[in-house]
Amino acid sequence: MTGKSLPRRTIVRGLGVTLALPFLDAMNPAFSATAPKPVRRFQAVYVPNGMAMEYWSPSREGRDFELTPILEPLAPFRNQMLVLSGLRANWNYIHAGASGSFLTGTTRGGRTEVEIIADVSMDQLLARKFGKETQLASLELSLDAPNNAGACTGNLSCVYTHTISWRGPTQPLPMESNPRAVFEKLFGDSGSTQRAAREARLRQHQSILDSVTDKLADLKREIGPQDQVKVEEYTEAVRDIERRIQRAQEQSNVQSNVQSNVELPVMEQPQGAPSSFEGHLDLMFDLQLLALRTDLTRVITFMIGKEQSARPYPQIGVPEAHHPLSHHNNQPHLIAHMSRINRYHTELFSKYLAKLRATPDGDGSLLDHMTILYGSGISNSDQHSGDNLPILLLGGGAGRLQGGRHLKYSDRPSMANLLVTLMDKLDLPVERLGGSTGKLPIDTLSGV
């Protein structure tokens, strides 16, 4: 026990592999003169097609709010959850405006399928700052494959419904849906994305950990017993994700061969997405967990579904396609079906929150040091309403968020005003963002 410590950004390298380590006790020795500041992280989780608001909105404000049917799965995290009501979308143009303005706060978009205009998104402002200290500035992920050409909403470009992340007013960022591509981005050789190199990597049929086994063994001899356990748990988590991606790829190849008698074409990106919605979502969340616990990035945007998603959910008794169902014409039984989808999303999301809370990070957990924005850019989906958006904030915000409350804003502030306020909480204040007109009352999120 001395003042010597491992650097926070310690990595081990192998052939084509850069393996970052999780936070270890050896990175913060007991006799260190100063405790490190908590790392702030931001994540946005977007759900499409609006919400069954009757099953979402609490009737009571403050700390005495009730957990509605959609919010019930998040009960274990009530003390680190803020329910926000009364916010409005900045660009209320059916589905394009919903996701297009969610993190940008833009008040308008293009007017044709080839005119692409929005604004820089909040996550990318943070990426410019936080990315100076991490291997990856940000991750942009989705469960749906991108389609950034053609018209999807009215006569507007599909980019508005397929991403929530914008590097600049004319630079929408594609969302990656392939778990293998995400895995290789996190742990593979970031210096090469050529097809030949990726196919050679697949032919090896061995774990990336095989190339760093000796270096991990050397590291374990230098750290204490508790850190050895952490490294072992972490490397087993990496192996588990590799196995799941490999199984998904094998299943995909089998299905493709069954459907075609001809030789499979060479693919630009190897297949790696599980066939089930739950398996795909769980795998993508676990990849995000690895990225956060190793501090490879501090900024993540994740779309559980793109706007106008027609995914059915027969596994929970909802055979109807999501988007058509969202236009329920206020029929109670269809709204009830819509609410099952919304609740199912929070049920699966709660499992991810539990993993964040169970992952140590500095003097707390990953969840303690995160600011997670969860919600949709539409409220009443039948009307494409941009009023009273369904918005949650989760996590401790590294001491900047005080949960356990339902905050209702009667003056209809815009979503952009929330984004500007969150930038303050993340120590990167900005004058404006998109169509913002100011900040939310300063004490509402912190509770002081």
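The values are calculated or read from the model by the stated rules, or taken from the named source; none is laboratory data. This is a predicted model, so every value here is computed, not measured. All Cβ positions, glycine included, derive from the backbone under ideal geometry; neighbour counts span all protein chains shown.
Among the residues of the stretch 399-445, what is the count of those that are part of a helix (DSSP H, G or I) and either closer than 17 Å to residue 126 by Cβ or of a type outside the set (D, E, K, R) (or both)? Can you show your working first?
Residues of the stretch 399-445 that are part of a helix (DSSP H, G or I), as a first pass: 399, 415-425, 443-445.
Remaining after also requiring either closer than 17 Å to residue 126 by Cβ or of a type outside the set (D, E, K, R) (or both): 399, 415-425, 444-445.
Count: 14.
When only residues in the stretch 393-423 that are among the charged types (D, E, K, R) and touching a Lys or Arg at 6+ places or on another chain (Cβ under 7 Å) count, which is surrounded by the most Cβ atoms within 10 Å (Cβ to Cβ)?
Just the residues of the stretch 393-423 that are among the charged types (D, E, K, R), to begin with: 400, 405, 408, 411-412.
Filter again for touching a Lys or Arg at 6+ places or on another chain (Cβ under 7 Å), leaving 400, 405, 412.
Values: 400: 19, 405: 21, 412: 11.
Filtering the stretch 393-423 for residues that are among the charged types (D, E, K, R) and touching a Lys or Arg at 6+ places or on another chain (Cβ under 7 Å), the one surrounded by the most Cβ atoms within 10 Å (Cβ to Cβ) comes out as 405.
Pick from the stretch 151-181 the residues that are more than 17 Å from the chain's Cα centre (by Cα) and among the aliphatic types (A, V, I, L, M): which of them is nearest to residue 276 (Cα to Cα)?
Here the residue is 159.
Looking at (1) modelled with pLDDT under 75; (2) of a type outside the set (Val, Ile, Thr); (3) more than 13 Å from residue 290 (Cβ to Cβ), which one does residue 242 not meet, given that it meets all the others?
Only one criterion is unmet by residue 242, namely (3).
Here is a list of conditions, (1) modelled with pLDDT of 70 or more; (2) of a type outside the set (Phe, Trp, Tyr); (3) assigned to a helix (DSSP H, G or I), and residue 249 meets all of them except one; can you say which number that is?
The failed condition is (1).
Of all the strands (runs of 3 or more DSSP E) wholly in the stretch 127-183, which have at least 1 residues that are in contact with a Ser or Thr (Cβ under 8 Å, 6 or more places away or on another chain) and within 26 Å of residue 295 (Cα to Cα)? Show your work before the answer.
Working: elements: 139-142, 151-153, 166-168.
Per the criteria, 139-142, 166-168.
Taking the stretch 99-119 as the region of interest, how many residues are crowded, with 22+ Cβ neighbours inside 10 Å, of a type outside the set (D, E, K, R) and over 17 Å from the mean Cα position of the chain (by Cα)? Before you say what the answer is, go through the steps one by one.
Applying the first criterion (crowded, with 22+ Cβ neighbours inside 10 Å) to the stretch 99-119 yields 99-106, 109, 118-119.
Among the residues that remain, those that are also of a type outside the set (D, E, K, R) are: 99-106, 109, 118.
Going one step further and asking which of them are over 17 Å from the mean Cα position of the chain (by Cα), we end up with 105-106, 109, 118.
Summing the residues that are crowded, with 22+ Cβ neighbours inside 10 Å, of a type outside the set (D, E, K, R) and over 17 Å from the mean Cα position of the chain (by Cα) in the stretch 99-119 gives 4.
How do the pairs read when you match residues in the stretch 288-302 that are under 16 Å from residue 125 (Cα atoms) and assigned by TED's automatic domain parsing to the domain that holds residue 122 with residues anywhere that are β-branched (Val, Ile, Thr) and not in a strand (DSSP E or B), using Cβ under 9 Å and keeping only pairs 6 or more apart or on different chains?
The qualifying pairs are 297/134; 298/39; 298/134; 299/134; 301/163; 301/164.
Could you tell me which residue of the stretch 332-388 is surrounded by the fewest Cβ atoms within 10 Å (Cβ to Cβ), considering only residues that are part of a helix (DSSP H, G or I), under 22 Å from the mean Cα position of the chain (by Cα) and of a type in the set (D, E, K, R)?
351
Working only within the stretch 91-115, note down all residues that are closer than 23 Å to residue 342 by Cβ and touching a strand residue (DSSP E or B) at 6+ places or on another chain (Cβ under 7 Å). Lay out the reasoning, then the answer.
Looking only at the stretch 91-115, we keep the residues that are closer than 23 Å to residue 342 by Cβ, and these are 91-103.
Listed by number, the residues that qualify are 94, 95, 96, 99, 102, 103.
Just to verify a result, which residue in the stretch 424-437, among those that are touching a residue at least 24 places away in the same chain (Cβ under 8 Å) and not β-branched (Val, Ile, Thr), is surrounded by the fewest Cβ atoms within 10 Å (Cβ to Cβ)?
Step by step, filter the stretch 424-437, then rank; the result is 427.
Enumerate the pairs (first residue in the stretch 87-116 and in the same structural domain as residue 164 (by TED's automatic domain parsing) and modelled with pLDDT under 95; second residue anywhere and surrounded by fewer than 19 Cβ atoms within 10 Å (Cβ to Cβ) and not in a loop (DSSP other than H, G, I, E, B)) with beta-carbon separation below 7 Å, excluding pairs fewer than 6 apart on the same chain, so at least 6 apart or on different chains.
From residues that are in the same structural domain as residue 164 (by TED's automatic domain parsing) and modelled with pLDDT under 95, the pairs are 113/151.
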